[in-house]
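Below is one structure; the comments refer to it alone.
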Amino acid sequence: MRIIQQAIFIFLLIILLAAIPSILIVNPYELNIYLDFSQLGHLYGQFMKELASGSLGTYQLGDQVRFISADIKSNFLISLFTLLIGVLSAVVIGLLFGIFLSRFIVTRFFNMLLNILSTIPDFILIVFSLVLAIKIYEVSGVRVISLRPDGGALNIWYPMVLTAIAPTLYMFKLLAVQYYQTSGEDYIRTAVSKGMRVNYINFQHVYKNIEPFIIADLTKVVSLAIGNLFIIEYLLNVPGITKFIFQSNQFQPITIGLFSMLLISLIVYFSIRLVLYIFKRGFIYE
Amino acid sequence: MNRLFSINYSLYTGILLTAILIFLAIFGPSMAPHTLTETLRTSYENGTILAPPLPPFTSKEFLLGTDRSGYDILSMILYGIRYTLFISFAVTLIKMTTGSLIGLYVGTWKKTPQLLEAFENAWSYVPLFLILYFFLGPITFAENADPNVLVFYFIIVASIVSIPSIVSSVRKKSKEISTSTFIEAARLLGANRHRLVWRHIFPQLKESLLVMFILEIVQVIALMGQLALMNIFIGGTIYRRDSQIYLSITKEISGLVGAARGNIYSDTTYILYIPLILLLIITSSFSLLANGLKNRFQSTYQRTPWVKTGFEPRVRPVRKVMKKSE
Amino acid sequence: MAEKLLEIKHLKQYFNIGRPNQVKAVDDVTFDIYKGETLGLVGESGCGKSTTGRTIIRLYDATGGQVLFNGENVHGRKSKAELKKFNRKMQMIFQDPYASLNPRMTVADIIAEGIDIHGLAKSKKERMERVYELLETVGLNKEHANRYPHEFSGGQRQRIGIARALAVEPEFIIADEPISALDVSIQAQVVNLMKRLQREKGLTYLFIAHDLSMVKYISDRIGVMYFGKLVELAPADDLYQNAMHPYTKSLLSAIPLPDPESERTRRRIMYDPSSHHYEENEKVEMREIAPGHLVYCSEKEFEQYKAQYK
Amino acid sequence: MEKILEVKDLKVSFHVYGGEVQAVRGVSFDLFKGETLAIVGESGSGKSVLNQTIMKLIPMPPGKITGGQILFHGEDIVHKSDKEMEKIRGKDISMIFQDPMTSLNPTMKVGHQIMEVLHKHQNMKSSQAKERAIELLRLVGIPMPEKRVNQYPHEFSGGMRQRAMIAIALAANPSLLIADEPTTALDVTIQAQILELMKDLQKKMDTSIIFITHDLGVVANVADRVAVMYAGQIVEIGTVDEIFYDPRHPYTWGLLASMPSLDSDHKAELAAIPGTPPDLTNPPKGDAFAPRNQYALAIDFEQEPPMFQVSETHFAKTWLLHPDAPKVEPPEAVKLKMRKLSSTFEKPILVKEGK
């Protein structure tokens, strides 16, 4: 039941958000701001008509009007790919350094670094890594990123790294706390009293009790990644789905953009769930 | 006999830095060497030409140098820091008071309404800055919009937008406490809901709410930063069509960072570094303060783990020992 | 017999009614509590003894039946004032000494909470007077007043819990397993205190516990509960000398006595609920075998038990 | 009788924010094959810490063994590394814990939690291990073991879970089973079943059991020998008859007197032991029980009493047994049950140090 309510709320939120640019009017004279709802009916009607006619409508790119459906496919894949790898590396690094390797000396220093980094807001990290990329280019001549939209692979891998920063820090902190709490439970004491090795306990006993927490917070991690994806695609001018949202203030492209972002996040969410399921099936025998 | 095992460094550095920031916020503008309108005229001084953009520490006049159009960076910072701190503090104050009030009371209900939970999850799904982007986008570029109205408008929208996440975390904490036995005992003594909240639940949460308050300030600054990277500056953006430059009216620090983004590819990257590093200092001082308070308040922590996890807390928590009366 | 303070008539408390996992925690329980007595309520975990206590004091709303306090029904629609009156008359002591005190309040505030809510003290001085007096009665002293709960041992915290209940001068106190979390030597201290308070202030106790030997020591009458039903109710000594209901017998035979000799010879009696073979039409209810000794049985069993009763 | 465990003057302390708590302050006892030794004591007496130290289960950053030896089958395990201990835990020494509800991993099948012990210590193949697991579940009295082996802990009742814990502990038929208050969280009828189960399993597998509890009734039911602990030390140790019918230490008297017995019908006030156990961050000088002891002598506050031997197997650590100590009568409730035991010496002998 709750999932349906959630879906309805998100749907309404997207519809309303997309409409705001066109119905928010600044009254230049009295300098106050008001929402002109009258236009809302017209907008939604027009949107429905477009969908009914089977096309995703048109959007303004610079001076020419293009069909959304023509460009959306490649952008969709780029954003999906970036987000998927970002969140996947967040979960993998989080599990590795948060649980399985956290007790070794060398990982302790890395953990300390992660802890310090997690206090810095994401956007500062992004700007710093951007500056770093340019410094590398200036110093070594190696082109780390390309700012032209058609940069190809060069254009994708660095944004992926940037998108992964915030979710990784969040997942690492979450798993570190959960691991510390779970390893204080009684059944871990029973496992130790049975003579099991720490590594075995981490896999067989600790992991399965922490998995529900990973799944519970997966939505938060995905939404964090989306937030950063917007900025990164804007800064590094990656031809992703956010192009449709930032390009113009038209209702049509923004709504389509937001819905496809929602679709991307669902795909990423369920593929991570699948990866976790495969990991559990593979490593932890029933 | 309660020896402090290791000094709580993060608390003391946090307090020191925050105090400096507050001092700057109050006396900043009056200490600024130049007004916001003065610009550096290209002048000739004992053998060298001084022309904007002037790198930092080259002349005593403009200690931190000037930006492309000659405005003194130090003055801009001293004027802007007041806005950054005031705005983030105001937003946090509004959202924390409303969010905590709602959260505390809803926590005492026997059954939390499913609709509220569904709304909270849905809301936490959409990144906040995106919602703000849509609300602020169209009006930030209005030429003749009065910066104070825009600032006020941002404060209202930003706090309303982030209230659900506060409600959800406070509600969960309050729910957990209101199931404990001493609440049952108070109910039996005839305590009504208000007394339960303010005499029993709130004292338990005082410390964690304070830590949350400080962390939320960092969240707001992060929000402003994210918006600034997309050329939306709090208080309005001036867009110079000819040189395609975005300028913040209120010179608010994250606005300066956003405006200076263009300098990444040129040799005047210092125009970006200075506000960025200052922003880093601001957020770290609040994080240090929050982390220090957390160590201080952590009276008892849960069981020690049976397996070496590598996360044993460094700072021994100091149990709050009341004044021994005998 | 003293006059009745509390009458519980056909009390029912069902959880998640109508759903497949419906639980009949309290299933048609009827008994009375007389003024100034201690009624013990024993039974294994899950038998509904704690739920009965919590329903009587209105922490849970009863699914069915009545609870009459001095003839007045505790449940049903009540105005704020009436509810407050019951709050003053009936109080509760809890099992876990560590969770029943608010760790952020001083002992004085904890004890005086009842006084503040009901405005029993005119001035601040009188309030502190009352707190010191209560601390004395439960065996603690004045300087404990402005300390915090984490500076006390389990036994001392339980005393603070008792003082808090006494602050509103109740007539009836439900003790929900007050001593099972304490050590044996500390238990004796708390039990002696409760008995002394009963003598001095004429309190009536409903003592809920699973440690039968301590319940026998403190209670005048004892009720045994099994799966939400009261299966036997009798004076303490009478219950131990000639327990009638097979479940009570099996419960008594399971208690280990601190005497190696008897432990070696004792044989345990198993209880099998299906051994009653009740048919559909048989009316199974509480019947009086001897004055004050009631057993939950059918007509047939009633005759058998009467014959066995020496 | 072959001696399988010798603990010699063991000292264990914990670093806590309040300071350093000396949980175990010089404990010595032996354990023979096939015997059940009950360790009785109130909370804070150090009984759990002592037994978890035998298995080196307590996490070593806060806990530390500050002295003494633990000889298991003649080898001292205080200096063994974690790797070596892993070979002993679950194989030679195994343990069952107090709260069955939380001691089993909720996300793992019960059968698998048994099989992992067999897999580790007897490297059985999984099919063979599953057979053995079903056999073990039947051995501990769980009905329909074939079905139960694939179920999860939440489908087991409290008593069933404790039986499963026993099955896990006895899987690699260890020579020593440490039971840390196994029946405290259970109801009286289920407790009786579990005690009976442990007694006949002991006969079948000849495992010696250390039974930790605070309930004297359970001790009388289960134990061959009893050690009474107070404030981190063993204050009296002897056979179960000696402790119940001829106690010599005032603390044991206090424990026996404060237990209301079923058959005593008089309504006299229970002889409670006044005061509270001492704070072990700075243990008091002399006898730790002195402040709460109504029979305390002046010397009790100055010097810690040595161990006196009262019979071949009965020792007590109190100045009252000193030849020129005044003759003292135990409390009323204890005197009622006193009996003359044949094995007692005429005069208690002072035991040199070490024991």
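Could you check what % of the DSSP bridge pairs in chain C are antiparallel, to the nearest 5? Of the beta bridges lying entirely in chain C, close to 60 percent run antiparallel. Any idea how far the Cα center of segment B:99-168 sits from the one of segment D:156-176, in Å? Between the Cα centres of segment B:99-168 and segment D:156-176 lies a distance of 54 Å.
What separates the Cα centres of segment B:206-241 and segment C:234-310 is a distance of 73 Å.
Here segment D:1-89 yields Rg over Rh of 0.97, to two decimals, using C-alpha coordinates and the Kirkwood radius. Over all projection directions, the Cα-based convex hull of segment D:272-355 averages an area of 6.9 nm².
Each of residue D:339 and residue D:138 was given a label point 7 Å from its Cα along the Cα-to-Cβ line. The distance between the two points is 4.0 nm. Between residue B:157 and residue C:82, the modelled label-to-label distance comes to 5.4 nm, taking each label 7 Å out from Cα in the direction of the beta carbon.
Take each residue of peptide C:114-120, count the partner chain Cβ atoms within 10 Å of its Cβ, and average: the result is 3.
Of interest is the spacing of the C-alpha centroids, which for segment C:197-211 and segment A:39-114 amounts to 66 Å.
A simple packing score, the average count of other Cβ atoms within 10 Å per residue, orders the peptides B:101-112, D:217-228, C:8-19, D:155-166 as D:217-228, D:155-166, B:101-112, C:8-19, with the highest score first.
Note on segment A:165-231: Cα-Cα pairs beyond 16 Å make up 52% of the total pair count.
Straightening the chain between residue C:63 and residue C:281 buys 75.9 nm, computed as 0.36 nm per residue apart minus the Cα-Cα spacing. When segment D:160-255 is described by a simple charge dipole with +1 on each Lys and Arg Cβ and -1 on each Asp and Glu Cβ, the residue from D:209, D:162, D:228 located farthest towards its positive end is D:162. Residue exposure proxy: C:219, A:79, ordered by other Cβ atoms within 10 angstrom of their Cβ from fewest to most, comes out as C:219, A:79.
With Rh defined as the Kirkwood radius, the inverse of the mean 1/r over Cα pairs, the Rg/Rh of segment D:93-173 is 0.92. Site pair residue B:89 and residue A:42 shows an inter-label distance of 4.6 nm when each label is modelled 7 Å from Cα along Cα→Cβ. In chain B, the longest principal axis of the Cα atoms and the axis of helix B:202-229 are about 30 degrees apart. Go ahead and run the numbers for FRET between residue D:99 and residue B:23, Cβ-Cβ distance against an R0 of 60 Å, rounding to 0.05. That pair, residue D:99 with residue B:23, gives E of 0.65. Counting Cβ atoms of other protein chains within 10 Å of each residue's Cβ and taking the mean over peptide C:175-188 gives 5. What is the average number of partner chain Cβ atoms found within 10 Å of a Cβ in C:244-255? Mean shielding by partner chains, rounded to a whole number: 2. A simple charge model with +1 on the Cβ of Lys and Arg, -1 on the Cβ of Asp and Glu and nothing else charged puts the dipole of the protein assembly as shown at about 1240 debye relative to its Cα centre. Listed peptides B:289-295, D:114-120 appear in the order D:114-120, B:289-295 once ranked by packing, highest mean of other Cβ atoms within 10 Å at the front. Under 20 Å of direct C-alpha separation, and excluding same-chain neighbours fewer than eight residues apart, residue B:95 reaches these aspartates and glutamates: B:117, B:120, B:207, B:216. Cα extents for the protein assembly as shown along the principal axes, largest to smallest and rounded to whole angstrom: 113, 71, 69.
Estimated from the Cβ-Cβ distance and a Förster radius of 41 angstrom, the FRET efficiency linking residue D:199 and residue D:80 is about 0.85.
Placing a label point 7 Å from the Cα of residue C:151 along the Cα-to-Cβ line, the residues of segment C:70-107 whose backbone N sits under 15 Å from it are C:103-107. Evaluating 6.51 cos²θ - 1.76 cosθ + 1.60 at θ = phi - 60° for every residue in segment A:229-238, the Karplus couplings come out as 4, 4, 5, 5, 5, 6, 5, 8, 6, 7 Hz, glycine and proline recorded as x.
Exceedance of the 25 Å cut-off in Cα-Cα distance is limited, within the set B:110/C:85; D:64/D:285; C:195/D:317; A:173/D:56; D:87/D:125; D:8/D:203, to C:195/D:317; A:173/D:56; D:8/D:203. When its C-alpha radius of gyration is set against 2.2 N^0.38 Å (N residues), chain C gives a value of 1.07. Maximal additional length on extending the residue B:210-residue B:9 stretch stands at 70.5 nm, based on 0.36 nm per residue less the C-alpha distance.
Coordinate-derived values only; no laboratory data. Just so we're clear, the structure is a prediction, and the values are computed from it rather than from any experiment. Here the Cβ is made from the backbone with ideal geometry for all residues, glycine too, and neighbour counts use every protein chain on show.
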